[in-house]
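Worksheet: the structure to be examined is printed underneath.
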Amino acid sequence: MQNHSDRNSSVPLGQASGPLYSYTPGFADSLTSRGYSKVSMVNRLSLLRDLDQWMQQRRIVIEEFGEERILQFLRYRRKHDSKQRGDNATLRSLLKHLREAKVVPPSIFQPEMSSLEQLQASFAQHLREQRGLRPATLEQYLFHTRRFLSERFGKSALSLSELNAQDVVRCILRQARTISPHAARCMGKALRSLFRFLHQRGDIATNLAASVPSVAKRSLAGLPKYLSPQQVELVLKKSEQDDPTVQRDRTILLLLARLGLRAAEIVHMTLDDIDWEASELTIHGKGGHEDKLPLPKDVGRSLANYLKQLRPSCACRRVFIRSAAPHEGFSDSAAVDIVVQRALRRAGINPPTRGAHLFRHSLATQMLRNGASMSEIAKILRHQSERSTAIYAKVDLGALRSISHPWPGGAA
């Protein structure tokens with residue numbers, strides 16, 4: 001156990017001397033290393049002083065600190081109108097710190113789970129162990145099935161035996177009006193998997209998987225959304241600013257625009273994936289595939305500048321780190337989509353779609369117009385099937401007009 005002589009004299013602990021007192025300096029150091037500002041530190045340490053005093057008054061020893069104590073303390077603060085946003089996150093971060101230091105024993109507290117949460121936990125275990133789904137796919141399945149069950153039963157307890165084909169069809173038709181065809185197809189797959197699982201467990205008498213309607217998948221329907229080369233360069237130009245976050249974002253934009261990377265590939269890129277001597281990047285793509293791509297000069301310069309001058313100091317091996325504390329890697333692909341959306345606003349461009357894939361489509365379209373073959377585009381985009389690349393043939397409207405037949409009854 002630490003003693004009071006270990007504490008950091010710069011931490012404003014006041015006169016508190018409860019069970020938490022000796023461990024506050026170490027937690028403060030961990031917050032500092034994760035990039036929290038001085039103002040933020042003051043607020044969090046004030047919370048810890050209140051917690052220390054609360055524990056001392058109730059004769060709670062440090063080994064008894066856990067999830068249940070956190071809930072009790074937050075109720076106390078709420079009752080006294082002193083609870084603030086972020087208190088729960090700070091206290092859980094403290095608990096994690098104390099457990100890692102082996103000051104507090106591992107959790108034995110299990111919060112009461114609703115019937116929906118219990119079903120989701122069992123379904124997730126089935127998807128992992130029996131189906132072998134990847135984490136991202138598993139999350140999609142849980143999202144869609146949770147939405148279906150929540151809409152069907154609301155806050156009531158689940159009565160799975162009451163499910164019928166009409167419930168399924170109504171849900172798919174309702175959601176299909178508000179989500180993309182791709183998302184609707186994902187929802188259909190998730191529900192079929194759920195119904196097979198429920199039927200195997202005996203929760204439903206009839207396997208409702210067959211009642212899930214299929215969502216039409218029109219191959220190569222529509223045109224890919226893309227930016228012109230001039231628009232791409234304008235987005236990059238408007239991101240040439242002194243702001244560290246904007247400079248980080250520009251590096252991400254260059255990877256999207258020059259290499260056509262997917263958002264998830266940028267999120268999961270690590271420092272070990274950069275081979276500076278060979279000027280190559282290792283890309284971890286779909287299905288566990290790994291590819292090596294050349295590192296263009298402008299991308300390499302921007303990446304090197306970000307890593308040397310701008311990237312926050314932290315233990316995380318991800319290349320791109322959150323600007324605000326805690327300094328860690330992006331949580332998911334949505335963070336890269338937000339980077340793109342900010343950049344498009346700076347450039348005053350308002351395309352129909354504003355996600356990271358917009359730059360991937362733009363790169364493929366420009367390559368086609370510069371004379372690249374479909375197989376070359378497929379290789380750069382790392383498509384496992386050239387059918388995925390075929391949609392870009394539709395952007396060459398001039399070539400398509402030259403081979404089209406005249407409309408019957410129209411002008412010759």
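The values are calculated or read from the model by the stated rules, or taken from the named source; none is laboratory data. Owing to the predicted nature of the structure, the values given are computational and were not obtained by experimental measurement. All Cβ positions, glycine included, derive from the backbone under ideal geometry; neighbour counts span all protein chains shown.
Yes/no per residue for (1) at pLDDT 80 or above; (2) surrounded by 13 or more Cβ atoms within 10 Å (Cβ to Cβ):
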site	(1), (2)
335	yes, yes
342	yes, yes
361	yes, yes
371	yes, no
376	no, yes
391	no, yes
394	no, yes
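Only one of (1) without any contact (Cβ under 8 Å) to a residue 60 or more places away in the chain; (2) outside the structural domain of residue 342 (by TED's automatic domain parsing) fails for residue 242. Which number is that?
(2)
Check residue 289 against each of (1) more than 23 Å from residue 136 (Cβ to Cβ); (2) touching a residue at least 12 places away in the same chain (Cβ under 8 Å) and name the one condition it does not meet.
(1)
Report the residue count in region 85-112 for those that are under 18 Å from residue 31 (Cα atoms), under 27 Å from the mean Cα position of the chain (by Cα) and in a loop (DSSP other than H, G, I, E, B).
Here the count works out to 2.
Looking at the structure I just gave you, is residue 185 in contact (Cβ under 8 Å) with a residue 40 or more places away in the chain, in contact with a Lys or Arg (Cβ under 9 Å, 6 or more places away or on another chain) and not β-branched (Val, Ile, Thr)?
no
Tally the residues that are within 18 Å of residue 274 (Cβ to Cβ) and among the charged types (D, E, K, R), restricting the search to region 310-356.
3
Looking only at helices (runs of 4 or more DSSP H) that lie completely in region 185-301, which have at least 2 residues being within 27 Å of the chain's Cα centre (by Cα) and within 30 Å of residue 126 (Cα to Cα)? Steps first, answer last, please.
Numbers: elements: 229-238, 244-259, 263-267.
Fully inside region 185-301 and qualifying: 263-267.
Just for region 147-173: of the residues that are assigned to a loop (DSSP other than H, G, I, E, B) and touching a Leu at 6+ places or on another chain (Cβ under 8 Å), which one is farthest from residue 209 (Cα to Cα)?
Applying the filter and picking the extreme gives 158.
Among the residues of region 75-96, are any surrounded by 13 or more Cβ atoms within 10 Å (Cβ to Cβ), in contact with a Lys or Arg (Cβ under 9 Å, 6 or more places away or on another chain) and basic (Lys, Arg)?
So far as region 75-96 goes, yes, one or more of its residues are surrounded by 13 or more Cβ atoms within 10 Å (Cβ to Cβ), in contact with a Lys or Arg (Cβ under 9 Å, 6 or more places away or on another chain) and basic (Lys, Arg).
Just a yes or no: is a residue in region 80-90 within 30 Å of residue 267 (Cβ to Cβ), β-branched (Val, Ile, Thr), outside the structural domain of residue 160 (by TED's automatic domain parsing) and without any contact (Cβ under 8 Å) to a residue 40 or more places away in the chain?
No, there is no match, as no residue in region 80-90 is within 30 Å of residue 267 (Cβ to Cβ), β-branched (Val, Ile, Thr), outside the structural domain of residue 160 (by TED's automatic domain parsing) and without any contact (Cβ under 8 Å) to a residue 40 or more places away in the chain.
Go through 278, 304, 315 for me and flag whichever is surrounded by fewer than 17 Cβ atoms within 10 Å (Cβ to Cβ), small (Gly, Ala, Ser) and under 20 Å from residue 249 (Cβ atoms).
Just one listed residue meets the conditions, 304.
Residue 142 versus (1) in contact with a helix residue (DSSP H, G or I) (Cβ under 8 Å, 6 or more places away or on another chain); (2) in a helix (DSSP H, G or I); (3) over 30 Å from residue 287 (Cβ atoms): which is the lone unmet condition?
Checking residue 142 against (1) in contact with a helix residue (DSSP H, G or I) (Cβ under 8 Å, 6 or more places away or on another chain); (2) in a helix (DSSP H, G or I); (3) over 30 Å from residue 287 (Cβ atoms), the one that fails is (3).
I need a count of the residues in region 27-37 that are touching a helix residue (DSSP H, G or I) at 6+ places or on another chain (Cβ under 9 Å) and part of a helix (DSSP H, G or I).
Here the count works out to 5.
Working carefully through the options 64, 68, find the one that is of a type in the set (D, E, K, R), surrounded by fewer than 18 Cβ atoms within 10 Å (Cβ to Cβ) and in contact (Cβ under 8 Å) with a residue 40 or more places away in the chain.
Only one candidate qualifies: 68.
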